[in-house]
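Working notes, structure below.
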Protein chains: 2
Amino acid sequence: MKPATALPAQKKTRANDISDSQLRGLFGYNLKRSFSALQVDLLRVLDRFDLRMVPFSTLVMIVENPGLRQSQLADALAIERPNLVVVLDTLERRELITRDRVPTDRRAYALRATLAGHQLCEKAYRAVQAHEARYLNRLSTAEREALSSALNKIRTTFEEAGE
Amino acid sequence: MKPATALPAQKKTRANDISDSQLRGLFGYNLKRSFSALQVDLLRVLDRFDLRMVPFSTLVMIVENPGLRQSQLADALAIERPNLVVVLDTLERRELITRDRVPTDRRAYALRATLAGHQLCEKAYRAVQAHEARYLNRLSTAEREALSSALNKIRTTFEEAGE
DNA sequence: TATTGTTATACTCTATAACTATA
DNA sequence: TATAGTTATAGAGTATAACAATA
């Protein structure tokens, strides 16, 4: 179909011809670079609400699961309990969540979002959806589904294999 | 319709019905979780060669681009120059690369891999490919292409937008 | 004056051991 | 003895300012 000799239309990416075809051949490398680039933008969006990725995820999970315990939350978010504590401390100090003792188990706390927490979560979530639309709009429906499916397969390949 | 007596319930890990459909609705969250899970396995693979992700990428790039300068390399890998210095220090101390003065510009160093560097790179790269095959085998050709295309679109959406 | 490589530093994210108070 | 939450800490990864040598 294409003549092999007649395509000088190389992407004039950077100054000297530095090739990274070896690294580009690794999906893991592309995944890292894509996520890093995405994260820069996402962090800027969340910064408007004084949130970072883990506090945002934490708030969303508490709103969706009122009464959740810290250990359940840490497990669901795949973060360590000690790291969650400081996140919850900050969210509680900002009066976005409450920690209530569980009557049936006085070791545990039931996590709930305050009214302010619900409102901030709603606004931040919509902003994140707008951020996502920036690149999702460039993907076809088939591509989105393939991406979603592929990400889930990658995740389960390694997560369920007993880390 | 099973008798409730026989089975001691499911695994304790999925104990109460905690939903994360809100977060799962965000591609960025799935991307992060997938990459994190993949990274755990990848780091274990690289650890056999006493390499981390950045040193591995660095070595691959130097092997593919002999004579590369540090600033070019940092740019290609999207890492900061100061952080690259310590990576190169370690690779040089292990005698995997050399730093030679550029005659035409005595400020710069030309980076080259030693024989040992080439050999380690070759072995590590093959091990990483085997790691990749673990999840790529579960993806159809269409899924791989969609994943690759989608990752590139995500990357260019944010990388070219002037970070 | 600008650029290359460098040093020092700081901030985020993540991981682990060990403690307390309950169960 | 085991579990929920906590404290303290250490290790990576990443980001910026400022410097010396060179262009």
Residues satisfying the stated conditions in region B:99-146, i.e. touching a helix residue (DSSP H, G or I) at 6+ places or on another chain (Cβ under 9 Å) and among the basic types (Lys, Arg): B:ARG99, B:ARG112, B:ARG134, B:ARG138, B:ARG144
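Would you pick out the residues in region B:41-71 that are among the aliphatic types (A, V, I, L, M) and under 30 Å from B:PRO103 (Cα atoms)?
So in region B:41-71, the residues among the aliphatic types (A, V, I, L, M) come out as B:42-43, B:45-46, B:51, B:53-54, B:59-63, B:68.
Matches in region B:41-71: B:VAL54, B:LEU59, B:VAL60, B:MET61, B:ILE62, B:VAL63, B:LEU68.
Please determine whether any residue of region B:121-132 is on the phi > 0 side of the Ramachandran plot, more than 11 Å from DNA strand C (Cβ to nearest atom) and either in a helix (DSSP H, G or I) or more than 20 Å from the chain's Cα centre (by Cα) (or both).
No, that holds for no residue.
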Selection within region B:97-121 - surrounded by 12 or more Cβ atoms within 10 Å (Cβ to Cβ) and more than 16 Å from DNA strand D (Cβ to nearest atom): B:ILE97, B:THR98, B:LEU111, B:ARG112, B:ALA113, B:THR114, B:ALA116, B:GLY117, B:HIS118, B:GLN119, B:LEU120, B:CYS121
Residue in region A:46-70 that is nearest to DNA strand C (Cβ to nearest atom), counting only those that are farther than 18 Å from B:LEU26 by Cα and facing chain B (nearest Cβ under 10 Å): A:ARG69
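Yes or no: region A:73-81 includes at least one residue that is of a type in the set (Val, Ile, Thr), part of a helix (DSSP H, G or I) and under 16 Å from the mean Cα position of the chain (by Cα). Outline the logic, then answer.
Restricting attention to region A:73-81, the residues satisfying the condition of being of a type in the set (Val, Ile, Thr) are A:79.
Okay, now just the ones that are also part of a helix (DSSP H, G or I), so none.
The answer is no, given that none of the residues of region A:73-81 is of a type in the set (Val, Ile, Thr), part of a helix (DSSP H, G or I) and under 16 Å from the mean Cα position of the chain (by Cα).
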Residue pairs meeting the criteria (Cβ under 7 Å; at least 6 apart or on separate chains; first free of Cβ contacts under 8 Å to residues at least 12 places away in the same chain and within 15 Å of B:SER57 (Cβ to Cβ), in region B:68-95; second more than 8 Å from DNA strand C (Cβ to nearest atom) and of a type in the set (A, V, I, L, M)): B:GLN72/A:ILE18
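The numbers here are math on the coordinates, done by the rules we state, and not lab data. Just so it is clear, the structure is predicted and the values come from calculations on it, not from any experiment. Cβ coordinates were reconstructed from backbone atoms using ideal geometry, including for glycine residues, and neighbour counts include every protein chain displayed.
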